[in-house]
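J.: Following this message is one structure expressed as structure tokens.
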Protein chains: 2
Amino acid sequence: MSNRRTLPELEPDVVVPCCPPLTERTLTAAEAERTAAMFKALSDPVRLRLFSAVASAPSGEACVCDISDVGVSGPTVSHHLKKLKEAGLLASERRGTWVYYRVEPSVLAGMGRLLTGAGPA
Amino acid sequence: MSNRRTLPELEPDVVVPCCPPLTERTLTAAEAERTAAMFKALSDPVRLRLFSAVASAPSGEACVCDISDVGVSGPTVSHHLKKLKEAGLLASERRGTWVYYRVEPSVLAGMGRLLTGAGPA
């Protein structure tokens, strides 16, 4: 049984939470592929710092201009944000000069549920 | 402020949950290194399937002999279980012929809390 949700605005290569808690049963190969891709997006230290910078932004969103203090160049920041977006962890919106990124709360909650088996469905 | 716990039986290279929820503030470089290593351990599909096999074992633990049905060889299973142990996600105990693995619940809960900001401390 799958509890995957269809999010209409996501792009085709985007990964969304799909899978039962890891403590429920052995994941299928397909479930493991999808879930591993999300963990992979958070497995780089710089990318993880950038993700936490967006996730903790007071306004709920951040642009490259807001999070340039993690010790890497602007283009590198953009590259990592793009990877996080491709993994379905961030959504983005262009407004004027800048692209603004925000966390997909449902994705974070889904990953948390995967690990702990707790939380809203 | 760190809420890292010291788990006396873990090996020196083991990673334990250390860090505030990702929605609280930008992780420091050191926090990101530690946390990314845990996500990296779960970023391989085969390793993730094996982890879910151990995590969902009815008795709470599993040996290589129990989880040989994920389509990879016994030595490959052992290699991945070793990686998960090094990342602090599994504990192990040798009994007779076999090494038995079990999930570290506190580590899973810590990772879940990191993602959702919820759950017991």
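The values are calculated or read from the model by the stated rules, or taken from the named source; none is laboratory data. Values in this document were obtained by computation on a predicted structure and should not be read as measured data. All Cβ positions, even for glycine, are placed from backbone atoms using ideal geometry, and neighbour counts span all protein chains on display. Accessible surface is based on the protein model in full, side chains and every heavy atom, while ligands, DNA and RNA are left aside. Shrake-Rupley method; radii C 1.70, N 1.55, O 1.52, S 1.80 Å.
J.: Points 7 angstrom from Cα along the Cβ direction at B:S106 and B:S92: gap in nanometres?
T.: 2.1 nm
J.: Cα gyration tensor of segment A:17-57, axes a ≥ b ≥ c as square roots of the eigenvalues: rounded (a/c below 1.5), prolate (a/b > b/c) or oblate?
T.: Because a/c hits 1.5 or more and a/b exceeds b/c, segment A:17-57 counts as prolate.
J.: Also: To the nearest 0.05, what FRET efficiency results for A:S78 and B:E24 with a Förster distance of 22 Å applied to their C-beta separation?
T.: Once the sixth-power term is evaluated, E becomes 0.35.
J.: Something else about it: Kindly report, to the nearest 10 Å², the accessible surface of A:M38 as traced by a 1.4 Å probe over protein heavy atoms only.
T.: In the full protein context, A:M38 sits at about 0 Å².
J.: Related question: With all protein chains present and a 1.4 Å probe, how do A:E31, A:E24, B:E93, B:E86 order by accessible area, largest first?
T.: A:E24, B:E93, B:E86, A:E31
J.: With a 1.4 Å probe and all protein chains kept in place, how do A:D66, A:D44 rank by accessible area, largest first?
T.: A:D66, A:D44
J.: Can you give the log10 of the normalised intensity I(q)/I(0) at q = 0.11, 0.17, 0.21, 0.24 Å⁻¹, computed with Debye over equal Cα scatterers of segment A:29-115?
T.: Ignoring solvent entirely, the Cα scatterers give -0.29, -0.67, -0.99, -1.24.
J.: Where the only charges are on Cβ atoms (+1 Lys, Arg; -1 Asp, Glu), what is the dipole of segment B:40-105 about its Cα centre, to the nearest 20 debye?
T.: So the magnitude is around 160 debye.
J.: At 1.4 Å probe size, with no ligands or nucleic acids counted, give the accessible surface of B:V72 in Å², nearest ten.
T.: Accessible area, nearest 10 Å²: 40 Å².
J.: Please list 3J(HN,Hα) in residue order for segment B:74-81, calculated via the Karplus relation 6.51 cos²θ - 1.76 cosθ + 1.60 where θ = phi - 60°; whole Hz, with x for glycine and proline.
T.: For segment B:74-81, the Karplus-derived couplings read x, x, 5, 4, 4, 4, 5, 4 Hz, x marking Gly and Pro.
J.: How much accessible area does A:R95 have with a 1.4 Å probe, in Å² rounded to the nearest 10?
T.: 100 Å²
J.: How large is ³J(HN,Hα) for each residue in segment A:86-103, as worked out from phi by the Karplus curve 6.51 cos²θ - 1.76 cosθ + 1.60 (θ = phi - 60°), to whole Hz, x for Gly and Pro?
T.: Working through the residues one at a time gives 4, 7, x, 8, 10, 10, 9, 8, 7, 9, x, 6, 10, 9, 9, 10, 9, 7 Hz.
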